[in-house]
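Structure incoming, see below.
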Amino acid sequence: MWGGRFGGGTDGEFFDFQRSLDYDFKLAEYDISHSLIHIGALLDAGLLSGKEYSSLKKALRSLLKRVLSEGPGFIVSAGAEDIHSYIHGQVEKEAGAAAMKLHTLRSRNDQVAFDEKWYCLKECAGTALLLDSLILSLKTLSDRHRGSLFLGYTHTRRAQVITFDLYLGAFGSMFSRDRQRLEDYFGRLRVCIGAGALAGTSLGEGSYANALRAVVSGNSGKIMPVDNSVDHVSDRDYIIELLSILSIIQMHLSRLAEDFILYSGSEYALLCLPDEFCTGSSLMPHKKNPDLLELVRGNTGRVYGSLVWLLTLMKGLPLSYNRDMQFDKEPLFGAVENLKSELSLLCRFLPLVKVNKQAVEAALSDKTFYATELAEWLVREKKLPFKTAHETVGALILAAESSAKGIDGLKEEELRRIHPALNRAVVGRVMNPVYASGAGKTAAGKTKTGKKPAGFRLPEVKL
């Protein structure tokens, strides 16, 4: 595609070093679509005859059909430099001399930006669908244990009794925000064409705009002529932004994984994990290891690393395109594929998780769990200033610990010495899970289901 200026062949080792087909083959669908739009522009500009156009279109659509039916994996074994040269070579085999005009007035710089933006659009929509499924899986688990009590923690210490609905709803809220970020991103991203190498082409915006109107159907304004050609070929903000969103999703997945790892261990024993997603030990027969969750947590470094990789790659590049940018694909593809695999697995994992009600009930028998409820009761019923109520209940907890009797072991006179409003009847009525989970609560536990991604309309090229 570029050899005319050179007097000799490319060093073999250097060719292998710089070729990118091993990973950019995944862009085949989008690169063929670029060519289909491009030949429409060439025809409109009078640079292709009708016969040449038909021949190129037939070859491109034949290759696209194979890519869509088989997946692009068959391309990897080809010896081409990159996906662009591979497609050009395949078209030349089928279309013959007409392929010599396929690359007229365009550059791989323009092609790869087009391809990657379309890839990001498609994977953004796919990730949003998986997030919807994950939120529904959380709701399935929540509905199965509707009203069940659970332990709330701060600083990894027991804090207050909550419902399992409220606990899972926190993750539902996180993932709903993530989904909104994806929808916002999808709404702003546009796939542009016509930048040439960096300065546009003599086809001009008008010809490309005419071609787009003629060949692009149902794209909701997603494909359009390039605005600033220099920015188009040198920009990778859209990848960095998507990786930022994926990193936030991954953070939330990691937090969920960490909680479920802790709460399913024997030290907590609040949750029971499904056998199908755990493994055992090759030495210790009793082990049931939370491997899926640990791998999700471990993948966080890979997804974060992809974001840092791109930020570091782009931080000092002069305008416009530089070959360094070839390395934007592996972190993008890796982060997307890792995250989608995790979401798919967790959608099947979550509905099978069970709450260990016996362990929860045993933990909730500790009356110190209800110190906050007692302080609030003193404020509401006895009109004590909250600071006084807080100190009173703190003194009650200290007395119970110092005497080693526990709160239930304190006598009436001991309670009254702490504060006249305290007695065994009040302590018994207020400091229990039933009262704590229902008395005057304003926070409701809901697992959000999210909205269907009806707005995620992908472009489609029809020729």
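Cβ-Cβ distance below 8 Å, separation of 6 or more or different chains: which pairs start in the range 282-302 with a residue that is under 18 Å from LEU343 (Cβ atoms) and end on one that is assigned to a loop (DSSP other than H, G, I, E, B)?
From residues that are under 18 Å from LEU343 (Cβ atoms), the pairs are PRO290/LEU273; PRO290/CYS278; ASP291/CYS278; LEU292/CYS278; LEU293/LEU273.
Check off (1) over 17 Å from the mean Cα position of the chain (by Cα); (2) modelled with pLDDT of 95 or more; (3) among the polar types (S, T, N, Q) for SER137 and give me the number that stays unchecked.
(1)
Could you tell me which residue of the range 269-289 is farthest from THR156 (Cα to Cα), considering only residues that are modelled with pLDDT of 95 or more and crowded, with 16+ Cβ neighbours inside 10 Å?
Applying the filter and picking the extreme gives LEU273.
Continuing with this model, one more query. Could you tell me which of the residues GLY334, GLY394 is touching a helix residue (DSSP H, G or I) at 6+ places or on another chain (Cβ under 8 Å), exposed (fewer than 14 other Cβ atoms within 10 Å of the Cβ) and in a helix (DSSP H, G or I)?
Every option except GLY394 fails the conditions.
Tell me, please, whether a residue that is more than 20 Å from VAL233 (Cα to Cα), open to solvent by less than 50 Å² (accessible area, probe 1.4 Å), part of a helix (DSSP H, G or I) and not charged (D, E, K, R) can be found in the range 13-30.
No, the range 13-30 contains no residue that is more than 20 Å from VAL233 (Cα to Cα), open to solvent by less than 50 Å² (accessible area, probe 1.4 Å), part of a helix (DSSP H, G or I) and not charged (D, E, K, R).
State all residues of the range 310-327 that are crowded, with 20+ Cβ neighbours inside 10 Å and either in a loop (DSSP other than H, G, I, E, B) or touching a helix residue (DSSP H, G or I) at 6+ places or on another chain (Cβ under 6 Å) (or both); if no residue qualifies, say none.
LEU310, TYR321 - these are the residues of the range 310-327 that are crowded, with 20+ Cβ neighbours inside 10 Å and either in a loop (DSSP other than H, G, I, E, B) or touching a helix residue (DSSP H, G or I) at 6+ places or on another chain (Cβ under 6 Å) (or both).
Looking at the range 109-152, which of its residues are surrounded by fewer than 21 Cβ atoms within 10 Å (Cβ to Cβ), under 19 Å from ASP231 (Cα atoms) and touching a strand residue (DSSP E or B) at 6+ places or on another chain (Cβ under 6 Å)?
none
Determine whether ALA363 is open to solvent by less than 20 Å² (accessible area, probe 1.4 Å) and farther than 30 Å from GLN250 by Cβ.
Yes: the conditions hold for ALA363.
While we're on this one: Six or more apart or on different chains, Cβ under 6 Å: which pairs go from a residue in the range 319-335 that's under 20 Å from SER244 (Cβ atoms) to one that's aromatic (Phe, Trp, Tyr)? Could you list them?
Listed by first residue and then by second, the contacts come to LYS329/TYR23; GLU330/TYR23; PRO331/TRP309.
Now for a separate question. Of everything in the range 70-108, what is open to solvent by 20 Å² or more (accessible area, probe 1.4 Å), part of a helix (DSSP H, G or I) and over 19 Å from LYS329 (Cα atoms)? Give them in sequence order.
Residues satisfying the conditions are GLU70, HIS88, GLY89, GLN90, GLU92, LYS93, GLU94, GLY96, ALA97, MET100, LYS101.
Moving on. Among the candidates SER133, SER202, SER137, SER142, single out the residue that is hydroxyl-bearing (Ser, Thr, Tyr), touching a residue at least 24 places away in the same chain (Cβ under 8 Å), within 30 Å of ASP237 (Cβ to Cβ) and not in a loop (DSSP other than H, G, I, E, B).
Criteria check complete, one pass: SER133.
Here's a check for you: in the range 171-202, which residue that is touching a helix residue (DSSP H, G or I) at 6+ places or on another chain (Cβ under 6 Å) and among the basic types (Lys, Arg) is farthest from SER254 (Cα to Cα)?
ARG181
The values are calculated or read from the model by the stated rules, or taken from the named source; none is laboratory data. Since the model is a prediction, treat every value here as computed from it, not as a measurement. Here Cβ is always computed from backbone atoms with ideal geometry, including for glycine, and neighbour counts include all displayed protein chains. For accessibility, only protein heavy atoms count, side chains too; no ligands or nucleic acids. Shrake-Rupley method; radii C 1.70, N 1.55, O 1.52, S 1.80 Å.
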